[in-house]
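Working notes, structure below.
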Amino acid sequence: MSAARASRFIEAGASPRIRVSFEFFPPKTTEMEQTLWEAIGRLAPLRPNFVSVTYGAGGSTRERTHATVKRILAETMLTPAAHLTCVAATRAEVDAVIRAYAQAGVRHIVALRGDPPGGVGERYAPHPGGYRNAADLVAGIKRTADDIEVSVSAYPEKHPDSATVAADLDMLKAKVDAGASRAITQFFFENGLYFSYLDRVRAAGIDIPIVPGILPVQNFKQTRNFAARAGASVPAWLAARFEGLDDDAATRKLVAAAVAAEQVLDLVDHGVTDFHFYTMNRADLVYAICHLLGLRPGGEQAALPRAQTEAERA
Ligand SMILES: Cc1cc2nc3c(=O)[nH]c(=O)nc-3n(C[C@H](O)[C@H](O)[C@H](O)COP(=O)(O)OP(=O)(O)OC[C@H]3O[C@@H](n4cnc5c(N)ncnc54)[C@H](O)[C@@H]3O)c2cc1C
C-alpha cells in the first residue's frame with residue numbers, strides 16, 4: 001500500500017470515480033413496500049450507478065420483481081437492473097420475461113442460475129426445457145435483446161456447488177464469453193479473499209470488472225445464516241465484535257457501521273472504486289458508508305485524487 005491511504009483523499013471531481021450500486025428485494029406486504037421506498041428515497045440522491053432488484057427463489061417473485069423495477073423506472077431517475085434466474089421456468093417463459101423487461105425500458109439484467117426449488121443443499125437440476133445454468137441464460141438474454149447489459153455472480157470463496165476453484169472460474173469465464181460485462185461478488189468479510197480471487201480471475205484471462213458485494217451486518221445472526229447457505233465464511237473476529245450485543249440495538253448499529261467502514265475503506269486503499277451494497281432494503285448503514293466513500297446527495301460524484309486502481313496495485 002502507498003504511504004498515503006487513498007481513502008483519506010476521496011474528493012469530488014477527480015478520476016476515477018467511486019461508483020456504487022444498491023441491491024433491494026421486492027416487498028411482500030404493503031408495510032415492506034413502504035420500508036423499501038423509504039430506503040430508495042434516502043439512497044437515490046447518492047446517484048448510484050444502478051439499483052438492482054432480486055428475483056425470489058424458484059421465480060416466486062417474478063411479478064413483484066417486475067412491479068418494483070417498473071416503479072423504479074416510472075418514479076425515479078435511477079437505472080434499474082432486474083435479477084433473473086433459470087429456476088422452474090422454460091426457456092420460452094424466461095425469454096418472455098426478458099422481452100417484457102426490454103419493452104418496459106430495462107437495460108440491465110443480473111443473470112443467475114438460482115438455487116434449486118427445494119432450497120440450498122439440494123442437487124440442482126435444470127428445468128426440462130429451461131436454461132441449464134447462468135452462462136446459458138446470459139446467452140439467451142443476449143439473443144433476445146442484445147443491447148441489454150448483463151451482470152453475473154462471482155464467488156471469492158467458491159460456490160458451494162462447485163467441485164473446485166477451477167470449475168468456478170470456468171463458469172465465470174463461460175458467462176463472460178456469453179456476453180456478461182460485470183460480475184458482482186457474493187459478500188465476504190476478509191478482503192484478502194477478494195484480492196486473491198481477483199488475482200486468480202485475472203490470471204484466467206477474465207478482464208471484466210469484479211465488483212465487491214458488501215453486506216453491512218444489520219443483524220449478525222441472520223448474516224451468519226446467509227453466510228452458511230452462501231458458502232461465505234464468517235471470521236471469529238467478526239463474531240467477537242457482535243458478541244453480547246443481542247439486546248443492544250444502538251451499539252450493534254455503531255459496530256456494524258465501524259465494521260463495514262473498515263472493510264470498504266481498506267478496499268479503497270487497495271484500488272477498488274466500485275461497490276455493490278446488499279441493502280436488505282434498509283438505508284441507514286449503507287448511507288453512512290457511502291458518505292465515508294465521499295458520496296453526497298445530489299452533489300459531485302466522489303472520486304479518488306488520482307488513479308489508484310487495480311492496474312496500479314498490481
Ligand atoms: C450478486 C448475486 C446476486 C444474486 N441474486 C439472486 C437472486 O436475485 N435470486 C436468487 O434466487 N438467487 C440469487 N443469487 C444466488 C444464486 O442464485 C445462487 O448462488 C445459485 O446457487 C447459483 O447461481 P449463479 O448464477 O451464481 O450460478 P452459476 O454461476 O451458474 O454457478 C455457480 C457455480 O456453481 C457451479 N455449478 C452450477 N451448477 C452446478 C451443478 N449442477 N453441479 C455442479 N456445479 C455446479 C458452477 O460451476 C459455478 O462454479 C445471487 C448471488 C449473487 C452473488
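The values are calculated or read from the model by the stated rules, or taken from the named source; none is laboratory data. What you see is a predicted model, and the numbers here were worked out from it, not measured in a lab. So basically every Cβ, Gly included, is an ideal-geometry build from the backbone, and we count neighbours across all protein chains shown.
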The lone exception for TYR197 - which of (1) in contact with a Ser or Thr (Cβ under 6 Å, 6 or more places away or on another chain); (2) within 13 Å of the ligand (Cβ to nearest atom) it fails: (1)
Single condition ARG8 does not satisfy, out of (1) modelled with pLDDT of 95 or more; (2) in contact with a helix residue (DSSP H, G or I) (Cβ under 9 Å, 6 or more places away or on another chain); (3) not in a loop (DSSP other than H, G, I, E, B): (1)
Filter pass, LEU73 being aliphatic (A, V, I, L, M) and more than 19 Å from the chain's Cα centre (by Cα): yes
Selection within the range 63-87 - within 16 Å of the ligand (Cβ to nearest atom) and not in a helix (DSSP H, G or I): PRO80, ALA81, ALA82, HIS83, LEU84, THR85, CYS86, VAL87
Qualifying residue in the range 134-148 (condition: buried (at least 17 other Cβ atoms within 10 Å of the Cβ) and among the acidic types (Asp, Glu)): yes
In the range 108-149, residue farthest from the ligand (Cβ to nearest atom) [restricted to those that are of a type in the set (Lys, Arg) and modelled with pLDDT of 90 or more]: ARG143
Top-ranked residue of the range 150-187 - restricted to ones that are under 19 Å from ARG132 (Cβ atoms) and basic (Lys, Arg), ranked as farthest from the ligand (Cβ to nearest atom): LYS173
Index of the failed condition, ALA257 passing every other in (1) hydrophobic (A, V, I, L, M, F, W, C); (2) under 13 Å from ALA154 (Cβ atoms); (3) crowded, with 17+ Cβ neighbours inside 10 Å: (2)
